[in-house]
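Everything below concerns the one structure shown next.
The values are calculated or read from the model by the stated rules, or taken from the named source; none is laboratory data. Since the structure is predicted, the reported quantities are computational estimates derived from the model, not experimental observations. Virtual Cβ from ideal backbone geometry, glycine too; neighbours counted across all protein chains shown. Ligands, DNA and RNA are stripped out before the accessible areas are found, and what is left, the full protein with its side chains, is counted by its heavy atoms. Shrake-Rupley method; radii C 1.70, N 1.55, O 1.52, S 1.80 Å.
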Amino acid sequence: MENLIRIRDLAVRFHTYEGVVHAIDDLDLDIRQGETLGIVGETGSGKTMTALAILRLIPYPGRIESGSIVFFDRDLHSEIELLKLSEDKMRSIRGNKISMVFQEPGAALNPVYTIGDQISEVFLLHRRRLLGKRANEQVDRLLRDGDGFAAGIKRPFWRWQRRLYNKIAQESNPFEPRFLSHVPLFRRLLWRLKDESKLLTVDMLKDVEIPDPARVAVHYPHELSGGMKQRAVIAMALACSPELLIADEPTTSLDVTIQAQMLELFRRIKVEKGASVLFVTHNLGVASEVCDRVAVMYAGRLCEVAGVEEIFLNPLHPYTRALLDAVPMPGKELQTIPGALADALNPPPGCRFHPRCPSAMPVCQQERPKLKEVSKDHMVACHLF
Amino acid sequence: MSDWKFMVRQLVKNPLSLIGIVIIFIFVIIAIFAPLIAPPPEGHLNHYMIPRDGYSATPQLPSEEHIFGTTEGQYDIFYGVIWGTRSAFHVGLVVIGIVLVVGIVLGSLAGYFGGVIDEIIMRITDIFLAFPALILAMAIVSALGPSLKSVIIALTVVSWPSYARLIRGDILQVREEDYIEASRGIGASNFRVIMRHALPNAIYPTVVMASLDIGAVVLAAAALSFLGLGAPEGYADWGQLTSFARNWIVGPSSDPLRYWFAVTIPGLFILFFVLGWNLLGDAFRDILDPRLARR
Amino acid sequence: MRRPVGAVKAVDGVSLAIKRGQWLGLVGESGCGKTTLAKTAVRLLKPTSGHIYFDIPDEVKAEIEELESLGKNSVKLTSLLKENDLATFSGSRVRLFRRRAQLVHQDPFTSLDPRMKIKNIVAEPLTIHRVLSGQARETAVKELLSTVGLSAGQLNRYPHQFSGGQRQRIAIARALATKPDFIVFDEPTSALDVSVQAQILNLLKELKSEFGLTYLYITHELLIAESVCDHIAVMYLGKVVEMAKPEEIFHKPLHPYSQSLVASTPVPDPTRRVGRIVLPGEVPSPANPPPGCTFHPRCSRASQECRELEPSLELVSNDHYVACFHPL
């Protein structure tokens, strides 16, 4: 399978008042076309930061210090180095080619706009050409079928509209639509674009299995339940058929039964849209439900990456094994991992996990283990291998 | 790094807050050492009454004898502003002190218990807040007779409702926190919960407001004195001094700024005093927010 | 001026008995009333109606049973019941109760007073109940901290200097201060990482056996309840719908809701996918519950009876209770 995202030597550091935190430390990771890659880890593992780094949304005082994130754009058949893009070009990728779903659906939705408005906004921002084309077709239809006196009067007006929408559809960016969209009174003349975006919005809501989408579209976020809100956010993220959907703990704040519905939705999205999904979670159960491959991170470094069956049935890295043992299962003895999570300001030297590792060797304290392919498509960063 | 150290560091890093601290510090020194800086003349009984050098109405320009000159009635301005610092602190601290106690007690009761207690206390504050502050203060001072004591009483009556409201709002917010419920869970009495848990966590905005208000109270007291509704005549009080300068703000047409010292010097003292407290209050507010964010 | 606009039945007619030494898990999703029930059990909330009986002394219990068996609805019986009803306690009686029953909150980041040193936080119950003082108190605090796995050298620190897991340990130490018999845990690990959660759960197991405690454990994660509890009660919209041993709930759930709960819980085992029994719809708002059996709108087995009548919790087999007209 080809790669969609290639991360190499990524380093993200936070320069805080108390010291430097290595949130991500020389990360190498690939996201392949059409796969759902899960990143699993606990607090401080760097999983959320990885997701944010791809979209260059790392909050201050964090900075991407080094490394490269290459995005293989299918449409343009080109490689784009995301870390070197200008902010403008980055903006055209966010929400469009790569989009993100966050943990709290309530926080991702603006409370003063309806759901429909917010999803339409995505179309209006990134899909103007498509909307222009559809509006054009609409006017064409009117010109063809229009009959009678009223139609006759409106004709020249329609013809002008057709020219206008044609220009938008071809993205020649002429003066007229730019002028119109800024002058308040005339902005309404572009209402056909809005109409078309509303139709696309309802389609999108149907796609994410929201019942009665047309009615829900005029609701405000506070009128919806958590599960519905998260679906709306997913609709927003999928609106432009992105090539990569990044989901940062999207089901953590939802009830278990609603979560099951969401996971089903994610599985369907993978099949129907063919998009890749980067699924960040701390819940191993959720990862096993929805992911094709799973990456385990600890203290800013990658420990193990493998296919979902491999990693749960045959975990190699001591941290992965300890993590699996610590998940409460009925009838199973709960194993704890001794010690505490690595201190972000003062992490252990060499392998970050060595103070808590049952198989630690002297070399683990001195040298950082490199990521090696131990068996087919199963990579581990551990001195045991 | 402990909390206090962090706070002090922030306080010192900010240049404006540093200026505020320095200003207040200077005023404190002046107030403490007033008898040394402006020694009262021999046999002068009440140190707070400004010594008079004659009874002429025209202010005298600054001279060797009177460093800042004299104002109408030949009151020594220098003596007046130095001892006036003491009056200013007196008024400011007493008013704010009483207002804090009253406001905190009533505000906490209203915020913590809610219900009928809350309604009653809030309606009472509403009544007081319905009057324009200065007007109410003027009315009270007029009724009680002009003196520094009536000024203090008037300003206390006028200022306490805002504090009650502020504390009430903050207590309402803190009341919902888990640790409050946890302390009830271990059996703490309401009194203990309020005093040990709710108040210490809710008090910071009030502290900020109090430090800003000291300046405002002194300004209000000066305003009242300017209108003649304050300290008795001849009392060392900045507002008094400005009131004496009322007729001398503009001098003869040939030399309009002749008597500038009469109104400007007391005015400058008021200005810097209020400025110092304002900067200090702003500094408190600034360091509280990032500290909470740092959590 | 405020007026009530409507009532929300957070907990609707729940009857539960917890035996001494039991670890009862209360499982349910948001809005089912488990937190309300937990807080009412320790009288942090006053029940609108109903009774709570906590550790009635044996003689009184014998008397009550005798009077009940006599059948007469005597005045003595009602007054005895009322006297021992925790729901009507006030003032000092509640305070005495607080020495014997404690609550550990869900969020360790907000349940400790940020302005207090942890030695004062843990010592506070001792101070309030005037149990120990001075040197003895300090020793007791150090002992408590070491019981929960914290070192005595951190006595003078503030909560924000600790991690989530450590803070939860401090909260547990505080709960143990007055040597209670009964501790209620409100989702104590939901804000914690997996490895930390495991440590806390093991700690709770140790403490329970060392001090002979009785636990009421609230959680929304069935896996945790099944792993540590010896009895589970499943709640839905203010009612207990099923109560049984963990293995029974996991392998043989009788209530359709429990079944979908078990089926929806993801486990880190790729060979076991979440079942097709994905529950449709959303949890109704507790302000407007459906009539009859509150679960019927989402239940695949609902009948006319379910729409009209409320099923009551009944013993079906060995220690297994269900409230359903058509149990599985």
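Worth pointing out:
- Ratio of Rg to Rh over chain B (Cα coordinates, Kirkwood Rh, two decimals): 1.06
- Relative contact order (%) - criterion: Cα under 8 Å, at least six apart; region: chain A: 22
- Within a straight-line Cα-Cα reach of under 23 Å, A:K332 can be paired with the following lysines, leaving aside sequence neighbours fewer than 8 residues apart in one chain: C:K205, C:K208, C:K245, C:K252.
- Relative to the 2.2 N^0.38 Å rule of thumb, chain C has a C-alpha radius of gyration ratio of 1.08.
- Proximal lysines to C:K76, defined as alpha-carbon separation beneath 29 angstrom and excluding residues fewer than eight positions away on the same chain: C:K19, C:K46, C:K61
- Beta bridge orientation in chain A: antiparallel %, DSSP, nearest 5: 65
- Chain A: Rg to Rh, with Rh as the Kirkwood radius over Cα pairs: 1.06
- Alpha-carbon Rg/Rh ratio, for segment A:212-262, with Rh computed the Kirkwood way: 0.98
- Accessible heavy-atom area order of A:R144, A:R155, A:R267, A:R91, highest first, probe of 1.4 Å: A:R144, A:R91, A:R155, A:R267
- Sorted on the mean count of surrounding Cβ atoms within 10 Å across their residues, most packed first, peptides B:146-152, A:38-44, B:66-72 read A:38-44, B:66-72, B:146-152.
- Gyration tensor over alpha-carbon atoms, segment A:199-299, equivalent ellipsoid semi-axes in Å: 24, 16, 11
- Cα point-scatterer Debye curve for segment B:108-169, base-10 log of I(q)/I(0) at q = 0.13, 0.20, 0.24 Å⁻¹: -0.40, -0.74, -0.89
- Annotation for A:D147 and B:S253: the two label points, set 7 Å from Cα along the Cα-Cβ direction, are 9.3 nm apart.
- Scanning residues 5 or more positions from A:S66 or on other chains, those with amide H under 5 Å from its amide H are A:A11, with H placed 1.01 Å from N in the peptide plane.
- Between 0 and 90°, nearest 10: helix A:226-238 axis offset from chain A longest Cα axis: 70
- Solvent-accessible surface (1.4 angstrom probe) belonging to C:L26, in square angstrom, nearest 10: 0
- Pairwise centroid distance, computed over Cα atoms, of segment C:196-232 with segment A:313-383, Å: 26
- Counted as membrane-span-like here are DSSP H helices of chain B whose alpha-carbon atoms extend 24 Å or more along the helix's own axis and whose Kyte-Doolittle mean is -1.0 or above; these are B:15-32, B:77-113, B:148-175, B:204-226, B:260-294.
- Order by protection proxy (mean Cβ within 10 Å, highest first), peptides B:225-236, B:124-135: B:225-236, B:124-135
- Sorted peptide list for A:103-112, A:323-332, criterion being average Cβ within 10 angstrom, highest first: A:323-332, A:103-112
- Counting only residues at least eight positions apart within a chain, or on another chain, the aspartates and glutamates with an alpha carbon under 17 Å from that of A:K84 are A:D9, A:E65, A:D73.
- For segment A:127-142, 3J(HN,Hα) computed residue by residue from phi via the Karplus equation (6.51, -1.76, 1.60; θ = phi - 60°) reads 10, 4, 5, 4, 5, x, 4, 5, 4, 4, 4, 4, 5, 4, 4, 4 Hz, glycine and proline entered as x.
- Near C:L237, the amide H atoms lying under 5 Å from its own belong to C:C32; only residues 5 or more places off or on other chains count, and H is placed 1.01 Å from N.
- Accessible area ranking (1.4 Å probe, heavy atoms, ligands and nucleic acids excluded), largest first, for C:S303, A:S92: A:S92, C:S303.
- Computed accessible area, C:T265, all protein chains, 1.4 angstrom probe, square angstrom: 20
- For the residues A:E35, A:E18, A:E309, a GNM of chain A with alpha-carbon springs under 10 Å puts the largest fluctuation on A:E18.
- Angle in degrees between helix A:256-273 and the longest Cα principal axis of chain A, rounded to the nearest 10: 70
- Exercise: per-residue mean of other protein chain Cβ atoms within 10 Å, A:330-343: 5
- Phi to ³J(HN,Hα) by Karplus 6.51 cos²θ - 1.76 cosθ + 1.60 over segment A:45-58, Hz, x for Gly, Pro: 6, x, 5, 5, 4, 4, 4, 5, 5, 4, 8, 6, 10, 5
- Convex hull volume per residue for the protein assembly as shown, taking Cα atoms only, in Å³: 283
- Taking one quarter of the surface of the convex hull spanned by the alpha-carbon atoms of segment B:100-221 gives a direction-averaged projected area of 7.9 nm².
- Once backbone amide H atoms are built at 1.01 Å from N, B:Q60 has B:T70, B:T71 as its partners under 5 Å, excluding neighbours fewer than 5 places away on the same chain.
- The mean number of Cβ atoms from other chains found within 10 Å of a Cβ in peptide C:42-55 is 1, as a whole number.
- Folded to 0 to 90 degrees: helix A:115-126 orientation relative to chain A principal axis, Cα: 90
- Estimated 222 nm signal from helices in chain B, with DSSP H stretches of n ≥ 4 weighted -39500 (n - 2.57), rounded to 500: -23000 deg cm²/dmol
- Summed over qualifying helices (DSSP H, 4 residues or more, each -39500 (n - 2.57)) and divided by its residue number, chain C shows a 222 nm mean residue ellipticity of -11000 deg cm²/dmol.
- Legend: mean number of C-beta atoms from other chains within 10 angstrom of residue C-beta atoms, peptide C:155-165, equals 2.
- Rounded to the nearest 10 Å², the accessible area of C:R169 at probe 1.4 Å: 40
- The dipole here belongs to chain A: it is taken about the Cα centre, uses +1 on the Cβ of Lys and Arg and -1 on the Cβ of Asp and Glu, and is about 1800 debye.
- Where the Cα pairs of segment B:21-80 fall when distances are cut into 5 Å bins, in %: 4, 18, 23, 22, 18, 10, 4, 1
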